[in-house]
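The values are calculated or read from the model by the stated rules, or taken from the named source; none is laboratory data. All values reported here derive from a predicted model rather than from experimental measurement. Note: ideal-geometry Cβ built from the backbone for every residue, glycine included; neighbour counts use all protein chains shown. Just so you know, the surface numbers come from the protein's heavy atoms only, side chains and all, with ligands and any DNA or RNA stripped out. Shrake-Rupley method; radii C 1.70, N 1.55, O 1.52, S 1.80 Å.
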Amino acid sequence: MTYTEAMAAFVERFAADLTEAGMQRMASRVFACLLVSEEAALSSADLSERLRISPAAISGAVRYLAQVHLVTREREPGSRRERYRLRPNAWYESVANRDALLRRWASTMRAGIDVVGPDSRAGRRMAETEEFMQFLQAELQGILERWREHRAATHRPASHHPATHRPVG
């Protein structure tokens with residue numbers, strides 16, 4: 001599939017949305033570009049050409065995207081060149097990995113409460129933060145389970161065009 005001006009405009013628009021939400025700018029652009037590619041995978045040279053950015057910028061962006069479980073690196077068959085591929089269920093994997101982060105933050109808050117004392121104003125703020133992290137962790141598990149159920153109930157074979165899928169309910 002040819003990379004069109006309309007695709008480039010979408011990539012920049014979605015990248016701006018992701019950047020506004022806190023993702024690094026180059027990582028946002030690389031992620032959006034992979035998203036619109038037919039195979040969900042591109043080489044560094046392809047990304048560099050499409051996004052008009054340096055290989056070094058791509059390398060840094062891919063490193064970040066791999067850390068947050070959105071992309072993987074793979075070797076092109078018969079070549080030393082790497083291709084960068086969106087992970088299957090990229091959003092799910094990225095969100096699911098937040099569970100460990102929330103657990104760690106809650107644990108760190110408990111340690112902080114021990115340092116400042118549970119009855120201090122700082123301790124009460126930290127206790128509320130810990131409680132919120134625990135709440136998010138519990139809610140996240142429910143959300144992910146409901147997503148798995150939704151996907152199982154609505155999954156269509158790849159040959160169906162996404163526009164024909166309409167949410168039920």
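Compared with the dominant Cα axis of the chain, that is its longest principal axis, helix 5-20 is turned about 10°. Rolling a 1.4 angstrom probe over the chain with all protein chains present gives an accessible area of which 54% lies on carbon and sulfur atoms. Per residue, the accessible area of the stretch 1-138 comes to 62 Å² when a 1.4 Å probe rolls over the protein heavy atoms. Gain on full extension, evaluated as 0.36 nm per residue between Ser59 and Ser120 minus their Cα-Cα distance, stands at 17.4 nm.
What the phi angles of the stretch 68-80 give under the Karplus curve with 6.51, -1.76 and 1.60, with θ = phi - 60°, is a coupling list of 9, 6, 9, 9, 10, 9, 9, 7, 6, x, x, 9, 8 Hz, glycine and proline written as x. A viscosity of 0.692 mPa s and a temperature of 37 °C, combined with the Kirkwood radius over Cα pairs in Stokes-Einstein, give a translational diffusion coefficient for the chain of 175 µm²/s. In a fully extended conformation the segment linking Leu140 and Asn97 would gain 14.4 nm over its present Cα-Cα distance, using 0.36 nm per residue.
Between the helical axis of 121-154 and the longest alpha-carbon principal axis of the chain there is an angle of about 40 degrees. Helix 25-36 and the longest principal axis of the C-alpha atoms of the chain enclose an angle of approximately 50°. Using only side-chain charges placed at the Cβ, +1 for Lys and Arg and -1 for Asp and Glu, the dipole size of the chain relative to its Cα centre rounds to 280 debye. Here each label is just a point 7 Å from Cα along the line to Cβ, and for Thr154 and Arg75 those points are 4.0 nm apart.
Taking the highest mean first, how do the peptides 40-53, 106-119 order by number of other beta carbon atoms within 10 angstrom per residue?
Ranking, from highest mean packing down: 40-53, 106-119.
Between Glu20 and Glu128, the C-beta separation translates, for a Förster distance of 25 Å, into a calculated FRET efficiency of about 0.40.
In this simple spin-label approximation, Ala6 and Val68 carry label points 7 Å from Cα along the Cα→Cβ vector, and these lie 2.8 nm apart.
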